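The values are calculated or read from the model by the stated rules, or taken from the named source; none is laboratory data. Not measured: the values here are computed from a predicted model. Heads up, the Cβs are rebuilt from the backbone with ideal geometry, glycines too, and the neighbour counts pull from every protein chain shown. Areas reflect the complete protein model, heavy atoms only, side chains present, ligands, DNA and RNA absent. Shrake-Rupley method; radii C 1.70, N 1.55, O 1.52, S 1.80 Å.
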Number of protein chains: 2
Amino acid sequence: MIDTLSIPTISDIKAAHRIIDPYAHRTPVLSSTKVNTRSKASVFFKCENFQKVGAFKFRGACNAVLTLSDKDAEQGVATHSSGNHAQALALAARIRGIKAYVVMPENAPKVKVEAVKNYGAEVTFCEASLDAREGTLAEVVKRTGATTIHPYNDSRIVAGQGTAAVELLEECPFLDIVMTPIGGGGLLSGTALAVKSINPDIEVIGTEPVEADDAYRSFKEGKLIPAYSTNTIADGLRTSLGELPFQIIQKHVDDILTVDEESIISAMRFIWERMNMIIEPSCAVPVAALFNNQERFAGKKIGIIITGGNVDLDNLPW
Amino acid sequence: MIDTLSIPTISDIKAAHRIIDPYAHRTPVLSSTKVNTRSKASVFFKCENFQKVGAFKFRGACNAVLTLSDKDAEQGVATHSSGNHAQALALAARIRGIKAYVVMPENAPKVKVEAVKNYGAEVTFCEASLDAREGTLAEVVKRTGATTIHPYNDSRIVAGQGTAAVELLEECPFLDIVMTPIGGGGLLSGTALAVKSINPDIEVIGTEPVEADDAYRSFKEGKLIPAYSTNTIADGLRTSLGELPFQIIQKHVDDILTVDEESIISAMRFIWERMNMIIEPSCAVPVAALFNNQERFAGKKIGIIITGGNVDLDNLPW
């Protein structure tokens, strides 16, 4: 049995890249004169909003599911999630031809439930509390023997998420800085491992809403501090930083910047209007950090990983 | 002086490609499992919504402006337009370092006026009728000596628009069909010339709203018939087919399909939600034709040129 809480190496990330390559989109890297003019930097967006299931999460889930032993795989995989990880895991399981069991709160948006079901997963509803979700997941796992795949506190997931940065640096080896948002930390930690292994001179910067700044505070204080507020529009970043990602972030990330809600909404709209891309609020967070810190970023070549584009078009923040 | 109403050759299109290459984005070709599942086809979207100024129009305008003689260029370029062509011409003129004069109706949306001004063009306002626009443009040209660049009835424009199909076929040489929308016909005619020169076995299909079906009727009857209705949400397609594009379309286009308004809005929302791309209603027209004609397209490899993404986020059709 592999240790799912070990720190992945660049070999693990490269292996993940080979494993998911036949199934994942190689997403484009786009740039925009309007973004460059406003930021006075040269910015390269790795567009994971065009990834399968509309988010980078497919990379990690696909790697985790495809590296399960045949024996484990036979009994399926399970998670509790109402977000992109649930869809990603459901699709990865379908690719492998195994079952996915997803626990979702009974108040989850119908469109998200349908998306998970459309990928062939079995959905079990529970009350909308973390206790209920974890309890129901434990029951599902007990009944089915499925393997729980955590959305970020898992080395296979972290290795998978790191593959986006591998592709970004293949296309843009000249970058000075790579930025991502931070939710549970799977993307930032995978990105930091990949970037620092490929070129340790490239800075890696995490970005977070002020309103959910547990990673910022944990990073500054050197110990894991849970989120005490999650009052942010960036719904993908409300989750608390995981232990495995935190270990990696402490060692390999150069800095974490925070941004307020108004900056997030304004950056999100800027990208929609000027780049014609639908990005979710979470990935407007590094864009907002870019715009808010012009003196720091002017003249630099900056890669930003756009994490996803799953938004409700009937409920936009403007 | 070059004949701006001659039919371009593939050499003209390839020359245009070399000329605009340093300035235009090489836009990505994206695919979507959800689109393929719904259409039962394999669809490849050439994403000109990520082009400079957010539309393919930059290709033609850039080619027209950069191929002007130095003597003509000195006096600038002019057009009347409230759409993407105005922004495209303004940016192309800025790249060449010459003046652009744009006549816009006084009721043009402020955001479009600002966009044109931001690219450095001089805007002259007039009443919102075609007569007033043409009259005002004639005055501007008389005063300045600028060269009028028509948005589609111009061989340099047609050659420039054809470069999108050249890139699409470089990346996807295996296509069975290429589809575009039809407004003035610049994109469809350039596409047809490029595609049929590269591989005459590939079908080229134009698509149009039922509510602005002048190209469909002209194509079927073999003579140019002006639009008698332009009551369509696809604002980029309200313009009547031009003479030069019509000559080319008659010879090189295989078919024209029409779609109703409801299908356009539904296809537009499908692409926004499932592909996380902002597309304007005009480029939902070929997507609607794809979805409405499943028996015709099932099993085929289809390229669709996504023309642009300039929409008003405060005024969406759902």
For B:His80: the one exception among (1) away from chain A (no Cβ under 13 Å); (2) over 22 Å from B:Val285 (Cβ atoms); (3) at pLDDT 95 or above = (3)
Given (1) in contact (Cβ under 8 Å) with a residue 60 or more places away in the chain; (2) crowded, with 23+ Cβ neighbours inside 10 Å, index of the condition A:Ala93 fails | (1)
Would you confirm whether any residue within segment A:13-22 is buried (at least 16 other Cβ atoms within 10 Å of the Cβ), assigned by TED's automatic domain parsing to the domain that holds A:Gln294, outside any helix (DSSP H, G or I) and in contact (Cβ under 8 Å) with a residue 40 or more places away in the chain?
-> no
Are there any pairs, at least 6 apart or on different chains, whose C-beta atoms fall under 6 Å, with the first in segment B:122-135 and outside the structural domain of B:Glu106 (by TED's automatic domain parsing) and at pLDDT 90 or above and the second acidic (Asp, Glu) and open to solvent by 30 Å² or more (accessible area, probe 1.4 Å), and if so, which?
-> none
Out of (1) open to solvent by less than 10 Å² (accessible area, probe 1.4 Å); (2) free of Cβ contacts under 8 Å to residues at least 40 places away in the same chain; (3) within 12 Å of chain A (Cβ to nearest Cβ), the one B:Leu316 does not meet is (1)
Determine if segment B:269-280 includes at least one residue that is under 19 Å from the mean Cα position of the chain (by Cα), under 20 Å from B:Thr232 (Cα atoms) and more than 14 Å from chain A (Cβ to nearest Cβ).
-> no
Scan of segment A:44-70 for residues that are more than 17 Å from the chain's Cα centre (by Cα) and either part of a helix (DSSP H, G or I) or more than 14 Å from chain B (Cβ to nearest Cβ) (or both), ordered by number = A:Leu66, A:Thr67, A:Leu68, A:Ser69, A:Asp70
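Which of the residues spanning segment A:44-61 are crowded, with 24+ Cβ neighbours inside 10 Å, in contact with a Leu (Cβ under 8 Å, 6 or more places away or on another chain) and at negative phi? Steps first, please.
Going residue by residue through segment A:44-61, those that are crowded, with 24+ Cβ neighbours inside 10 Å are A:45-61.
When the remaining residues are screened for being in contact with a Leu (Cβ under 8 Å, 6 or more places away or on another chain), the result is A:45-47, A:50, A:52-53, A:56, A:58, A:61.
Those that are crowded, with 24+ Cβ neighbours inside 10 Å, in contact with a Leu (Cβ under 8 Å, 6 or more places away or on another chain) and at negative phi: A:Phe45, A:Lys46, A:Cys47, A:Phe50, A:Lys52, A:Phe56, A:Phe58, A:Ala61.
So which of A:Val111, A:Val102 is on the phi < 0 side of the Ramachandran plot, within 14 Å of another protein chain (Cβ to nearest Cβ) and under 21 Å from the mean Cα position of the chain (by Cα)? Steps first, answer last, please.
On the way: A:Val102 fails: within 14 Å of another protein chain (Cβ to nearest Cβ).
Unique residue meeting the criteria: A:Val111.
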Tell me, please, whether a residue that is open to solvent by 50 Å² or more (accessible area, probe 1.4 Å), of a type outside the set (A, V, I, L, M, F, W, C) and without any contact (Cβ under 8 Å) to a residue 60 or more places away in the chain can be found in segment A:239-249.
-> no
Do we have any residue at all in segment B:66-89 that's open to solvent by 50 Å² or more (accessible area, probe 1.4 Å) and within 23 Å of B:Pro245 (Cα to Cα)?
-> yes
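So, B:Ala288, is that one crowded, with 19+ Cβ neighbours inside 10 Å, away from every other protein chain (no Cβ under 14 Å) and either within 26 Å of B:Pro28 (Cβ to Cβ) or in contact with a Phe, Trp or Tyr (Cβ under 8 Å, 6 or more places away or on another chain) (or both) or not? If you could, list the steps in order and put the result at the bottom.
Values: crowded, with 19+ Cβ neighbours inside 10 Å: yes; away from every other protein chain (no Cβ under 14 Å): yes; either within 26 Å of B:Pro28 (Cβ to Cβ) or in contact with a Phe, Trp or Tyr (Cβ under 8 Å, 6 or more places away or on another chain) (or both): yes.
For B:Ala288, the condition - crowded, with 19+ Cβ neighbours inside 10 Å, away from every other protein chain (no Cβ under 14 Å) and either within 26 Å of B:Pro28 (Cβ to Cβ) or in contact with a Phe, Trp or Tyr (Cβ under 8 Å, 6 or more places away or on another chain) (or both) - is met.
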Checking B:Pro317 against (1) modelled with pLDDT under 95; (2) touching a Gly at 6+ places or on another chain (Cβ under 8 Å), which test does it fail?
-> (2)
Right, B:Thr4: closer than 24 Å to A:Met277 by Cβ, outside any strand (DSSP E or B) and not assigned by TED's automatic domain parsing to the domain that holds B:Thr144 or not?
-> no
Every pair of residues 6+ apart whose Cβ atoms lie under 7 Å, when the first sits in segment A:34-52 and is among the β-branched types (Val, Ile, Thr) while the second is surrounded by fewer than 18 Cβ atoms within 10 Å (Cβ to Cβ) | A:Val35/A:Arg274; A:Val43/A:Ser31; A:Val43/A:Asn36
Determine the pairs where a residue that is closer than 10 Å to B:Pro209 by Cα, located within segment B:252-281, has a partner that is open to solvent by less than 50 Å² (accessible area, probe 1.4 Å) and among the charged types (D, E, K, R) with Cβ atoms under 7 Å apart, the partner being 6 or more residues away or on another chain.
-> B:Thr258/B:Glu208; B:Thr258/B:Asp213
Selection from segment A:23-36 of residues that are modelled with pLDDT of 95 or more and assigned to a helix (DSSP H, G or I) | A:Val35, A:Asn36
Quick one: count up the residues across segment B:96-121 that are under 24 Å from B:Lys71 (Cα atoms) and either crowded, with 17+ Cβ neighbours inside 10 Å or in contact with a helix residue (DSSP H, G or I) (Cβ under 7 Å, 6 or more places away or on another chain) (or both).
-> 10
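Give the residues of segment A:198-216 that are open to solvent by 30 Å² or more (accessible area, probe 1.4 Å) and not aromatic (Phe, Trp, Tyr), sorted by residue number.
Initially, segment A:198-216 is screened for residues open to solvent by 30 Å² or more (accessible area, probe 1.4 Å), giving A:198-201, A:203, A:210-211, A:216.
If the condition is that a residue be open to solvent by 30 Å² or more (accessible area, probe 1.4 Å) and not aromatic (Phe, Trp, Tyr), then A:Ile198, A:Asn199, A:Pro200, A:Asp201, A:Glu203, A:Val210, A:Glu211 are the ones that fit.
Table: residues versus (1) assigned to a loop (DSSP other than H, G, I, E, B); (2) open to solvent by 20 Å² or more (accessible area, probe 1.4 Å).
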residue: B:Lys220; (1), (2): no, yes
residue: B:Ser229; (1), (2): yes, yes
residue: B:Ile233; (1), (2): yes, yes
residue: B:Ile256; (1), (2): no, no
residue: B:Ile265; (1), (2): no, yes
residue: B:Met268; (1), (2): no, no
